[in-house]
Amino acid sequence: DHERAARTVAEVRTMLGQREELFRAHGIDSIDQLRHLRAQGKLPQLGSTDIVLLVDGFGALRDEFAELDDAVADLLKRGGGYGIHVVAGMLRWNDVRIATQSMFGTRVELRLNDPADSSIDRKLSETLSPDTPGRVLTDGKLFAQVALPRIDNRPGTGDLASVLERSARTIRAGWHGDVAAPVRVLPTRLPAAKLPSPTAEPRAIPIGVDQDALAPALLNLFGSDQHLLILGDNECGKTNLLKLIVRQLVDRYGDEELVFGVFDPRRGLRGAVPEPYRGGSAHNAKLAAALATGIATELEKRLPETADPDAVGAEPSFTGPRIVILVDDYDILTTAGQQPLAPFLPYISSAQ
């Protein structure tokens, strides 16, 4: 589950950022001081004092979740000082990048498939027998025995998967304190009504939630963003996103402030733009070229006659409504080498 894995790492990185800020705000200089404060009942905003990220198969993480490799390495590098720890299992030490190996403070080696892969001592590794499960080799070239992870006093190992599951349920049922928050994932359905209202976000328009913080993803067409390109396969939601953008803009601006030019060869946006906001529409290349030329003529009038480097401000230098160009299924408009939207090219960089 790539999404859940990515969200898990993102949640832990968010916790790291929160702890860094908390350390600065409260003058905390060590994890021991944090634990002492938590033991006194302070810093209730932290759900847990220590966080452990378990990675079963560190080599597979690099192969199958390559986009998470750098994020986990960052947690290894910075997390320990803030109470965030990575515990990883792997087939061999070489599954860890050389630059990351030193970030693991403690190593234990169970029996390896090839003792030559031992990063502690090959000869000692050769003495580990399959007849003694749980015997490990430590960093100090000493042997140790790890415990069998079961709480039913039975020595068997054949049913460990089901035993671990039952043990987890038993421990959970016997615990009556605070529990760890579940990993939040992106919703499969997100009603527009759940996004920030025009009162909460009067200018930037929310179009969804982002993956890292599950916070509203904001589009500021009249500020820092200026343009938006939506890519996707058929029936994946491009037209619906355009409709959402129209709705969010109409909810925030009056028809004297905003006008839409609609290029819609499949007519999927029919009815999406209220009549008072509709400046023009086109459903084929010929009409699109005419509409684009007309809008470009208006844009030319809005260009300042002189360049004033001191005239920098939030207010536009032109009069009249802002123009938003909606183009759905751009590829259809450009068949046979046609470029009906070419009149807009000189004004792309001056959109704001």
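The values are calculated or read from the model by the stated rules, or taken from the named source; none is laboratory data. Just so we're clear, the structure is a prediction, and the values are computed from it rather than from any experiment. When we count neighbours, we look across all protein chains shown, and the Cβ atoms used for this are built from the backbone with ideal geometry, even at glycine.
Numbers at a glance
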{"quantity": "Filtered residue count, the stretch 246-271, keeping only those that are closer than 19 Å to Pro321 by Cα and either without any contact (Cβ under 8 Å) to a residue 60 or more places away in the chain or polar (S, T, N, Q) (or both)", "calculated": "6"}
{"quantity": "Leu112 farther than 28 Å from Leu34 by Cβ and either hydroxyl-bearing (Ser, Thr, Tyr) or not in a loop (DSSP other than H, G, I, E, B) (or both)", "calculated": "no"}
{"quantity": "Hey, Ala213 at pLDDT 90 or above, surrounded by 12 or more Cβ atoms within 10 Å (Cβ to Cβ) and under 19 Å from the mean Cα position of the chain (by Cα) or not", "calculated": "no"}
{"quantity": "Arg107 surrounded by 13 or more Cβ atoms within 10 Å (Cβ to Cβ), among the basic types (Lys, Arg) and within 25 Å of Val86 (Cβ to Cβ)", "calculated": "yes"}
{"quantity": "Leading residue by the ranking (surrounded by the fewest Cβ atoms within 10 Å (Cβ to Cβ)) among those in the stretch 241-269 that are among the β-branched types (Val, Ile, Thr) and closer than 18 Å to Ala296 by Cα", "calculated": "Val259"}
{"quantity": "Of all residues in the stretch 12-50 being among the small types (Gly, Ala, Ser) and touching a Gly at 6+ places or on another chain (Cβ under 9 Å), the one that is modelled with the lowest pLDDT", "calculated": "Ser48"}
{"quantity": "Within the stretch 113-139, tally of residues that are closer than 19 Å to Asn94 by Cα and not β-branched (Val, Ile, Thr)", "calculated": "15"}
{"quantity": "Whichever residue in the stretch 317-333 is loosely packed, with under 15 Cβ neighbours inside 10 Å and assigned to a loop (DSSP other than H, G, I, E, B) and, among such residues, is modelled with the highest pLDDT", "calculated": "Gly320"}
{"quantity": "Unique residue being under 34 Å from the mean Cα position of the chain (by Cα), modelled with pLDDT under 90 and surrounded by 15 or more Cβ atoms within 10 Å (Cβ to Cβ) when the list is Ala351, Ala272, Ala314", "calculated": "Ala351"}
